[in-house]
1. Please report Rg over Rh for the range 80-131, where both radii come from the alpha carbon positions and Rh follows the Kirkwood definition.
2. Take peptides 239-252, 216-229 and line them up by average Cβ neighbours within 10 Å, highest first, as a rough protection proxy.
3. May I ask you to derive the relative contact order of the chain, considering only C-alpha pairs under 8 Å and at least 6 residues apart, and to give it as an integer percent?
4. Rg(Cα) of the range 1-42 divided by 2.2 N^0.38 Å?
5. May I ask you to derive the FRET efficiency for GLU231 and ASP17 from their Cβ-Cβ distance with R0 = 56 Å, giving the value to the nearest 0.05?
6. Amide H of GLY14 versus every other amide H placed in the peptide plane: which residues, excluding those fewer than 5 positions away on the same chain, fall under 5 Å?
7. Can you give me the accessible area per residue for the range 101-154, using a 1.4 Å probe, in Å²?
8. For the range 139-218, what is the convex hull volume of the alpha-carbon atoms per residue, in Å³?
Amino acid sequence: MSAAIIGWAHLPFGKHDAETIESMVVKVANEALAHAGIAPGDVDEIVLGHFNAGFSLQDFTASLVLQADDRLRFKPSTRIENACATGSAAVHQGLKAIAAKSAEIVLVVGVEQMTTTPGAQIGQNLLKASYLPEDANTPGGFAGVFGKIAAAYFQKHGDQSDALAMIAAKNHRNGIANPYAQMRKDLGFEFCRAESEKNPFVAGPLKRTDCSLVSDGAAALILADTGTAREMRRAIAFRGVAQAQDFLPLAKRDILAFEGCSVAWQRALAQAGISLADLSFVETHDCFTIAELIEYEAMGLTKRGEGARAIKEGWTAMGGKLPVNPSGGLKAKGHPVGATGVSMHVMSAMQLAGEAPKGMQVKEATLAGVFNMGGAAVANYTSVLERVR
């Protein structure tokens with residue numbers, strides 16, 4: 001263990017008209033410090049994950065974290081961005097500061113406010129996470145990019161509409177027990193499977209229930225070096241971490257393989273000295289249901305083209321052999337881009353500490369896997385977490 005999570009905070013995701021980027025950052029920063037039992041003056045470094053891409057007029061946001069407490073003034077603070085993996089990029093940057101011994105305690109915050117942006121502009125902003133020379137005119141924006149991926153997967157492996165609807169239904173069912181989730185409603189398989197006025201096709205074979213939610217929200221965590229963590233009330237250690245960045249253009253790779261996802265998983269598991277079967281659960285990046293399906297294959301849960309087995313045979317359900325997205329995932333919890341990766345680590349730390357909300361807690365959870373990606377499997381981050389205190 002080189003570092004551990006010793007405290008965290010998480011706002012409910014959703015539409016927060018009364019909040020601003022600044023107010024959300026201040027809330028989670030103060031709450032995470034209090035949860036960890038750390039004074040602001042003891043923080044050595046601050047890392048803020050904020051994608052923005054036009055969602056906020058305030059684009060220089062690293063110093064907003066200092067608004068939480070005057071004692072944070074003059075601390076090093078940096079904004080990190082790597083598309084939808086921005087939050088995990090911030091977490092991993094904090095780990096690097098500790099590994100380099102330039103910091104013992106790091107405050108990591110992830111934030112995004114998306115719902116105050118007009119709908120058409122939301123699509124344009126998100127599409128900036130794709131390769132614009134190829135994708136700038138894609139109908140449906142970023143959903144259109146994944147719609148093309150889903151259509152290509154269906155062409156190669158057959159119609160997977162049942163599997164996608166089962167993934168959506170699973171994640172919405174899980175989200176009921178998550179007080180931080182934007183949508184806490186069991187939509188059921190039939191609703192997710194059928195096209196309807198409330199569930200129209202959005203892009204290719206993807207319906208509204210196949211797409212993650214536009215959200216506002218923030219999450220924060222406190223990282224500490226080994227010596228400090230062992231003196232704290234709780235310590236959730238990073239047993240393995242990896243980042244694998246892939247080509248941005250889809251034309252340069254097999255988009256159905258999610259090779260960067262596979263590499264990130266292989267590296268993190270090897271560093272942790274475990275196999276996928278050793279994990280108690282996984283929080284994975286279900287920006288679209290087709291992404292979760294392909295991620296089953298990329299992480300090694302099933303063979304290529306057989307991801308549907310994992311959902312249809314109940315492997316990834318609560319109580320299955322590898323529960324996936326017990327938090328409800330991006331599908332139910334929401335996807336405020338810069339906050340997502342931090343949120344995934346917070347949700348996993350809660351589970352391992354035995355502090356997850358009732359009904360969401362995975363029984364006897366000892367090891368967690370987190371996979372967060374930016375773009376269409378371009379920025380790929382994996383963490384393996386373990387409770388040590």
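1. Working: Rg = 14.8 Å, Rh = 12.9 Å.
On the Cα set of the range 80-131, Rg over Rh gives 1.14.
2. Numbers: 239-252: 18.2, 216-229: 25.6.
With the highest mean Cβ count within 10 Å placed first, the list reads 216-229, 239-252.
3. Details: 955 pairs, mean separation 101.4, N = 389.
Relative contact order of the chain: 26 percent.
4. Numbers: Rg = 12.5 Å, N = 42, 2.2 N^0.38 = 9.1 Å.
Relative to the 2.2 N^0.38 Å estimate, the range 1-42 comes out at 1.37.
5. Values: r = 41 Å, r/R0 = 0.74.
Using R0 = 56 Å, I get an efficiency of 0.85.
6. Residues meeting the criterion, in which the H sits 1.01 Å from N, are ASP216.
7. Numbers: 2170 Å² over 54 residues.
Roughly 40 Å² per residue, with all protein chains present.
8. Details: hull volume 8.1 nm³, N = 80.
With only Cα atoms used, the range 139-218 gives 101 Å³ per residue.
The values are calculated or read from the model by the stated rules, or taken from the named source; none is laboratory data. Source: prediction; values computed, not measured. Cβ: placed from backbone, ideal geometry, glycine included. Neighbour counts: every protein chain shown. In case anyone asks, the SASA skips ligands and DNA or RNA and just uses the protein heavy atoms, side chains included. Shrake-Rupley method; radii C 1.70, N 1.55, O 1.52, S 1.80 Å.
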